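**Q** Can you read through this structure? Questions will come right after.
The values are calculated or read from the model by the stated rules, or taken from the named source; none is laboratory data. Nothing here was measured: the structure is a model prediction, and the numbers come from that model. Counting neighbours? That spans all protein chains shown, and the Cβs are built from the backbone with ideal geometry, glycine included. Protein only, heavy atoms only, side chains kept; ligands, DNA and RNA dropped before computing areas. Shrake-Rupley method; radii C 1.70, N 1.55, O 1.52, S 1.80 Å.
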Number of protein chains: 2
Amino acid sequence: MIPEKILKQYEAFRISFRKDVMIFLEGEQALHYFQLEAGSIKMITRSDEGQEFIQGISYAGESFGEPPLLCNFPYPSTAYAMVDTTIWKLRKEKFFDLIKDHFEIHLKLDQVLCERLRYKSKILTSIAFDDPENRVWWLINYLKNKSGHQSGKFAVPLTRQQIADMVGMRVETVIRTVKKLEDSGKVRLVNHKILV
Amino acid sequence: MIPEKILKQYEAFRISFRKDVMIFLEGEQALHYFQLEAGSIKMITRSDEGQEFIQGISYAGESFGEPPLLCNFPYPSTAYAMVDTTIWKLRKEKFFDLIKDHFEIHLKLDQVLCERLRYKSKILTSIAFDDPENRVWWLINYLKNKSGHQSGKFAVPLTRQQIADMVGMRVETVIRTVKKLEDSGKVRLVNHKILV
DNA sequence: CAGGTCTTATGATTCAGATCATACAGAACG
DNA sequence: CGTTCTGTATGATCTGAATCATAAGACCTG
């Protein structure tokens, strides 16, 4: 989102995380701006029973964790590396300097927050009212569109468990639902991969 | 959020809406910044069966509908006046001039978006995993805290149907859940009013 | 390449929130 | 102030996703 050249101008530095390593913990105070250089991360909240909800996934070039930075509240979720991941890290003060100096980047940040609000509005309504097939189908299409996939078959890059954690359902229900989507011709399953 | 003096400097004007009148429709293009002077509005999404989900409620002094303005996507929800309402309306171009000129107001706008993200993260997790009692109880406390209520009993200013529309449940379930909260001493019911 | 781990798949059972129907109470309007 | 409308309440029934158990397949690691 923010070009590397500018990140370096404001003294951002790079950090690497192995797969499944925690980047920050729910409840911690935000001290840095984070942007992925490579890999992917997921933002997790947990229910009292320990069930995980995936609030969102971010990929290379995308930022994450800004709301607690801008609003001074603790992290509402925990961030984990989904694969080996490299992240740009920028101190809070420098970050505010950067967006004060660059109105266009500030606007892009706004747009990132707005797209997240848009996604959450949609997934909220879906979880509250849609049947499992529509919930899963909507998410699959969302992932396809977000990846910028153009031609040929798109292989959904998530496990059934991860899909379940994003639509608030049990993995068994997602497995049966994906089967139904196959039966109705909406997706194809090849070696357990979901293709659209 | 934005002081009236500044709104006027950028040629904002006032518009009134009667209770239940629509302010903008889902799918429309955003052309103005909106801020409430008096009254309240609710943002609604609907399922295919017409069930309403209340994405959020805004009160006097608060803004609404910014994401489509900043991101150039259509309104994802429809806004209605919940009571007779007066709104400041500012043309898009003037709005961008305003936030470019006032970094502090731009930051406040960011914080508004961040608080909405925070709420949606929480309600998402709740709807996905919490039982009805915890869902309703969380919402009641959220409304109390958001209203800035200090001493004495807080009367929840929403109908059971509106609560149901915010937590994605049926009104019958909310009615029975509120009864359970009374039975466990968490709330008091006086003339059908919910007091905490 | 084999063994172990994780993911996917399937079947049977349960139960809580949705659904439907009906009645009561408070608010609004003329 | 009476009537109508909206909101609240209650009871009975239904159903589909969750839950639990078990097995098969793909992937990862040494």
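**Q** What are the lysines whose alpha-carbon lies under 19 Å from the alpha-carbon of residue A:193, with same-chain residues fewer than 8 places away excluded?
**A** A:144, A:146, A:153, A:179, A:180
**Q** Does segment B:4-102 come out rounded, prolate or oblate, given a ≥ b ≥ c as the square roots of the eigenvalues of its C-alpha gyration tensor, rounded meaning a/c under 1.5 and, failing that, prolate meaning a/b above b/c? Intermediate values should be presented prior to the final figure.
**A** Values: a/c = 2.47, a/b = 1.43, b/c = 1.72.
Since a/c reaches 1.5 but b/c is at least a/b, the shape of segment B:4-102 is classed as oblate.
**Q** I would also like to ask the following. How far is it, in nm, from the label point at residue B:133 to the one at residue A:191 when both lie 7 Å from their Cα along the line to the Cβ?
**A** With each label placed 7 Å out from Cα toward Cβ, I get 5.0 nm.
**Q** Once the label point is set 7 Å along the Cα-to-beta-carbon vector, what list of distances in nm do you get between residue A:180 and its counterparts in the other copies?
**A** Result, one decimal in nm: 2.6.
**Q** Taking H placed 1.01 Å from N in the peptide plane, check which residues at least 5 places from residue A:30 or on another chain put their amide H under 5 Å from its amide H.
**A** Close amide H contacts, sequence-distant or interchain: A:75.
**Q** Please identify the helices of chain B, taking whole runs of DSSP H, that span at least 24 Å along their own axis as judged from the Cα atoms and have a mean Kyte-Doolittle score of 0.0 or higher. Before the final figure, lay out each step's value.
**A** On the way: long enough: B:103-129 (39 Å, 0.19).
Those that clear 24 Å and a mean of 0.0 are B:103-129.
**Q** Further question on the same structure: Give the span of segment B:88-196's Cα atoms along each principal axis, as three whole-Å numbers ordered largest to smallest.
**A** 54, 33, 20
**Q** Something else about it: May I ask for the Kirkwood hydrodynamic radius of chain A, worked out over all distinct Cα pairs and given in angstroms to one decimal?
**A** Hydrodynamic radius (Kirkwood, Cα pairs) of chain A is 18.0 Å.
**Q** Counting only helical runs of four or more DSSP H residues, what would the 222 nm mean residue ellipticity of chain B come to if each run contributes -39,500 (n - 2.57) and the total is spread over all its residues?
**A** One gets -13500 deg cm²/dmol as the mean residue ellipticity at 222 nm.
**Q** Oh, and also: On average over all directions, what projected area in square nanometres does the protein assembly as shown have, based on the convex hull of its Cα atoms?
**A** 21.1 nm²
**Q** May I pose another question? What nm value, rounded to one decimal, do you get for the distance between residue B:51 and residue A:51 when each label is placed 7 Å out toward the C-beta?
**A** That separation, rounded to one decimal, is 1.6 nm.
**Q** How far apart, in nanometres, would the label points at residue B:161 and residue B:118 be if each is projected 7 angstrom from Cα along the Cα-to-Cβ direction?
**A** For residue B:161 paired with residue B:118, the spin-label model returns 3.2 nm.
**Q** Pop out the carbon and sulfur fraction of the accessible area of segment A:4-125 as a percent, whole number, probe 1.4 Å.
**A** That share works out to 49 percent.
**Q** Can I ask one more? What accessible area, summed over both chains, is buried at the B-A interface (1.4 Å probe, Å², nearest 100)?
**A** Working: alone 11110 and 11130 Å², together 18560 Å².
Protein heavy atoms only, the B-A interface buries about 3700 Å².
**Q** Just the Kirkwood number for segment A:89-135, please: inverse of mean 1/r across all distinct Cα pairs, in Å, one decimal.
**A** The answer is 12.9 Å.
**Q** Putting +1 on Lys and Arg Cβ atoms and -1 on Asp and Glu Cβ atoms, find which of B:35, B:6, B:79 reaches farthest to the positive end of the dipole of segment B:4-102.
**A** Checked the options; the winner is B:6.
**Q** Let me ask something additional. Once you keep just the Cα pairs under 8 angstrom separated by 6 or more residues, what percentage relative contact order results for segment A:4-125? Show your work: numbers first, answer last.
**A** On the way: 220 pairs, mean separation 43.2, N = 122.
Answer for segment A:4-125 is 35 percent.
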